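**Q** My questions will all concern the structure given below.
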Number of protein chains: 2
Amino acid sequence: MGALDECHYSEELENGVDLGGCGIEGEPETLAIEDAVRVLLQGLGEDINREGLRKTPLRVAKALREGTRGYKQKVKDIVGGALFPEAGLESKVGSAGGAGGLVIVRDLDLFSYCESCLLPFQVKCHIGYVPSGQRVIGLSKLSRVSEVFAKRLQNPQRLANEICVALQNNIKPTGVAVTLHCSHIHFPFFEPTLFNPNHQGWVKTLVKSGSGVFEDEKSDIWTEFLSLIRFRGINFENSVDKSWCPSQTSIKTGASDSEMIGAISTILCSLGEDPLREELIETPARFLKWLMSFKNSNLDLKLKRDCLTINGDLSSEMNLPFWSQCEHHLLPFQGVVHIGYYSSNKVNPVGKSILQSIVHFYGFKLQVQERLTRQIAETVSSFLGEDVMVVVEANHTCMLSRGIEKFGSSTATIAVLGRFCTDSSSRANFLQIIPNFSSIEG
Amino acid sequence: MGALDECHYSEELENGVDLGGCGIEGEPETLAIEDAVRVLLQGLGEDINREGLRKTPLRVAKALREGTRGYKQKVKDIVGGALFPEAGLESKVGSAGGAGGLVIVRDLDLFSYCESCLLPFQVKCHIGYVPSGQRVIGLSKLSRVSEVFAKRLQNPQRLANEICVALQNNIKPTGVAVTLHCSHIHFPFFEPTLFNPNHQGWVKTLVKSGSGVFEDEKSDIWTEFLSLIRFRGINFENSVDKSWCPSQTSIKTGASDSEMIGAISTILCSLGEDPLREELIETPARFLKWLMSFKNSNLDLKLKRDCLTINGDLSSEMNLPFWSQCEHHLLPFQGVVHIGYYSSNKVNPVGKSILQSIVHFYGFKLQVQERLTRQIAETVSSFLGEDVMVVVEANHTCMLSRGIEKFGSSTATIAVLGRFCTDSSSRANFLQIIPNFSSIEG
């Protein structure tokens, strides 16, 4: 990699910077969440002292408190001092600048927590406002104000309304428009009637909110706003509405663990929420239902088929969906698995359903992606022969719903067994047929 | 907008959260940068007491110090505690999990500051590593370690190398690969030979760095890594290399203001850099050259043409590029202007070059986008008649190189004069012909 200037690296100061903790470690609310997470981990059949889980309670508590820090923020503090005098037109007829010139900020990436099920959801936010009184707001404040409300337990419509009202009250413009394009992870085995195959793994909804001149959704100004955020042709009416969270339409749970339910209620309280607020009453049970999909079974999958060395063709099964739960942060990661192997013409190719079962078996646990990849490869190899290659591509919620907030990033992991390990052309042939990543993107 | 639950909003606590300041306000380094920025503003011919600029020194100081906070961060503090035991294959031949299973994190959005010219540049970062010793690193740490080095004055190749070496030294894996896809704003009037019309406004470069098994760039493992980050077919060799920063290839400046040069050197010192470091010696002069493009001329543009009421067709000039400098943060914003007007067949349509001159005249100032839009509309109207509509679409560096870091967001502002103000179908017709936003995207 050529000559390397290490001077930056060695010059690092002794006092490392606090990365995202923001001093919430040790606070009573944080400790209460940590205790609650320990209850949940035990309820999932996990050993809370195993290495991967030891710090999970603290990680979860920090992520949740940081992800809901909007409860402690004031819009006034953000807007104050960022309203700038800005002239309108001097002598002409029309609207421009600080008197009527529509301002639009597009494609703000946010995430929020779903109040129905406590899972994070992603938001693409677009805001417009019409300045009045010869003043405009600093553009970045539109983003900061949105964050205040996104960093709470929300549903899409309320989030849009709260952003809209806060901007209207604090900027006092002629009007404010907010549209949100929200993506929520599917629940496993979600009713297929609502399942859109084009958005595998994600439930989507579009919501909008308007005040002042944007109160009438049929007005020209709305049309112009939508035109400039390029929603041309998208019909808001067709969008899934109130019941967008898949936890609400899935089958009711039966008996549920009251200690775990209590722990989740404690978490809600510690975040500053009221677990008796109407929208939150069933949240603990819904979150628990999600969580129990990942209960530790203490079973391992052993499949055995008599198969000898196979000199056949490269076979593959691509885009097998999976759901899993990151054991470091108790947050979903979700994506697809690609499996390549060599099969002889004499042996029937293995059914897709068996491979999908293997993927689900190892997905529905507290996991890390590296382990998932290895376990699938080993199990497939145990009955399909030595020559197996597995690629797992995933979106990790923990990469966006904590301090780092890396929207759009994704992770790939690879396991190579047998011939794939030594023969680079086999690997290349398999990698070549992996489709583009779009099938897992939110 | 329907019933609104305001309870969240009114429940906000009294103690607002510090938003991005992180307590650096009032520190000697911050104050030194503020003083330096005042010198620069005065050198630009600005009144440092006018409302829009009053807090600019503090804003610039905070943005710069926050944007270079990597100087104070230690990789060890980040990696420590996030290395997890993870088994490799049990009995099979091959590589998987914590023993050889390639892990890739793709599409991490970063920004950094160019050490050649002090302007921010955007980075799409892809990292791969091959675990060894039966341990893996928490995925988010790859992002956090990258941030440590991105938040310094950099060039793309050194940034890639530093991320690579830091990960190699701290994780001690079998190898690390880093590729960066970097976008740097063009300087105005940059030599057209290097100007790629497909990336209007942006200079791009691809760099890579590898250690361990990734040291050989021709190796299969590099090919596989690149295949999974979908750089298939992209030739790294063709990428613009060392001289990617347009400040280095542009014509040498003549005399320059020594007080302003001194102020920029002070800023470099206050960030923890050595202005005598080889790569930084000419940086103050280069940044000054950029800055002086936006010197206040105290002139206003008056164009007059005899034109009566025009009942002709909608004429338009789309995608006129502009450069400007945000007066709140002394950071670039850059994009395109679309101008619509009604012209009669009897009057010759106005030349594109005149409209482009108007756009540049108002762009090359300390500006805000709302004002730029109004000024262009008013000036165009003064010689093209009453009926003018202007849309400005822009990327604001201040939306990504400070606390909020909203990658991919963009801003649109609109001014409507005369017939466009009253006739919604005129507005709709004009909005309809605005091309997709791709022409300004980085």
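**Q** Quick check on A:S95: is it surrounded by 21 or more Cβ atoms within 10 Å (Cβ to Cβ), hydroxyl-bearing (S, T, Y) and in contact with a strand residue (DSSP E or B) (Cβ under 7 Å, 6 or more places away or on another chain)?
**A** Numbers: surrounded by 21 or more Cβ atoms within 10 Å (Cβ to Cβ): yes; hydroxyl-bearing (S, T, Y): yes; in contact with a strand residue (DSSP E or B) (Cβ under 7 Å, 6 or more places away or on another chain): yes.
In short, yes.
**Q** Suppose we filter the stretch B:163-172 for residues that are of a type outside the set (K, R) and open to solvent by 10 Å² or more (accessible area, probe 1.4 Å); how many remain? Working first, answer last.
**A** Of the residues in the stretch B:163-172, the ones of a type outside the set (K, R) are B:163-171.
Narrowing further to those that are open to solvent by 10 Å² or more (accessible area, probe 1.4 Å): B:165, B:168-170.
Final tally of qualifying residues: 4.
**Q** Let me ask something else. What are the pairs, 6+ residues apart or on separate chains, where a residue within the stretch B:266-287 that is on the phi > 0 side of the Ramachandran plot has its Cβ under 7 Å from a residue that is open to solvent by less than 70 Å² (accessible area, probe 1.4 Å) and of a type in the set (F, W, Y)?
**A** B:G272/B:Y71
**Q** Among (1) facing another protein chain (nearest Cβ under 8 Å); (2) surrounded by fewer than 21 Cβ atoms within 10 Å (Cβ to Cβ); (3) part of a helix (DSSP H, G or I); (4) of a type outside the set (S, T, Y), which single condition is A:E66 missing?
**A** Failing condition for A:E66: (1).
**Q** Find all pairs meeting these conditions: Cβ atoms under 8 angstrom apart; at least six residues apart or on different chains; first residue within the stretch B:151-176 and farther than 10 Å from B:S211 by Cβ and touching a residue at least 40 places away in the same chain (Cβ under 8 Å); second residue among the basic types (K, R) and part of a helix (DSSP H, G or I).
**A** B:K151/B:R69; B:N155/B:K242; B:Q157/B:K242; B:N170/B:K76
**Q** Name, by its number, the condition in (1) small (G, A, S); (2) at pLDDT 90 or above; (3) within 27 Å of B:V165 (Cα to Cα) that does not hold for B:S239.
**A** (2)
**Q** Only one of these is open to solvent by 10 Å² or more (accessible area, probe 1.4 Å), among the small types (G, A, S) and on the phi < 0 side of the Ramachandran plot: A:A87, A:A177, A:A150, A:A160. Name it. Outline the logic, then answer.
**A** Working: A:A177 fails: open to solvent by 10 Å² or more (accessible area, probe 1.4 Å); A:A150 fails: open to solvent by 10 Å² or more (accessible area, probe 1.4 Å); A:A160 fails: open to solvent by 10 Å² or more (accessible area, probe 1.4 Å).
Just a single option satisfies the conditions, and that option is A:A87.
**Q** Name every residue in the stretch A:89-117 that is more than 7 Å from chain B (Cβ to nearest Cβ) and closer than 30 Å to B:S424 by Cα, in order of residue number.
**A** Of all residues in the stretch A:89-117, those more than 7 Å from chain B (Cβ to nearest Cβ) come to A:91, A:99-100, A:110-117.
Matches in the stretch A:89-117: A:S91, A:A99, A:G100.
**Q** If you don't mind, another one. Conditions: (1) farther than 22 Å from A:S219 by Cβ; (2) open to solvent by 10 Å² or more (accessible area, probe 1.4 Å). A:G100 meets all but one. Number of the miss?
**A** (1)
**Q** Can I ask one more? In this structure, does B:A32 turn out to be modelled with pLDDT of 95 or more and aliphatic (A, V, I, L, M)? Let's see the steps before the verdict.
**A** Details: modelled with pLDDT of 95 or more: yes; aliphatic (A, V, I, L, M): yes.
The answer is yes for B:A32.
**Q** Test each condition in (1) touching a His at 6+ places or on another chain (Cβ under 8 Å); (2) modelled with pLDDT of 95 or more for A:R402 and report the one that comes out false.
**A** (2)
**Q** Do you know which of the residues in the stretch A:30-42 that are under 24 Å from the mean Cα position of the chain (by Cα) and not aliphatic (A, V, I, L, M) is most open to solvent (accessible area, probe 1.4 Å)?
**A** A:R38
**Q** Is it the case that A:S381 is in a helix (DSSP H, G or I), within 19 Å of A:M318 (Cβ to Cβ), more than 7 Å from chain B (Cβ to nearest Cβ) and modelled with pLDDT under 95?
**A** Judged against the criteria, A:S381 is not a match.
**Q** Okay, moving on. Within the stretch B:28-63, track down each residue that is away from chain A (no Cβ under 14 Å), without any contact (Cβ under 8 Å) to a residue 24 or more places away in the chain and either touching an Asp or Glu at 6+ places or on another chain (Cβ under 7 Å) or not in a helix (DSSP H, G or I) (or both).
**A** B:I48, the sole residue that qualifies.
The values are calculated or read from the model by the stated rules, or taken from the named source; none is laboratory data. What you are looking at is a predicted structure, and each value in this text was computed from that prediction instead of being measured. Here Cβ is always computed from backbone atoms with ideal geometry, including for glycine, and neighbour counts include all displayed protein chains. These accessible areas exclude ligands, DNA and RNA; they are computed on the full protein's heavy atoms, side chains included. Shrake-Rupley method; radii C 1.70, N 1.55, O 1.52, S 1.80 Å.
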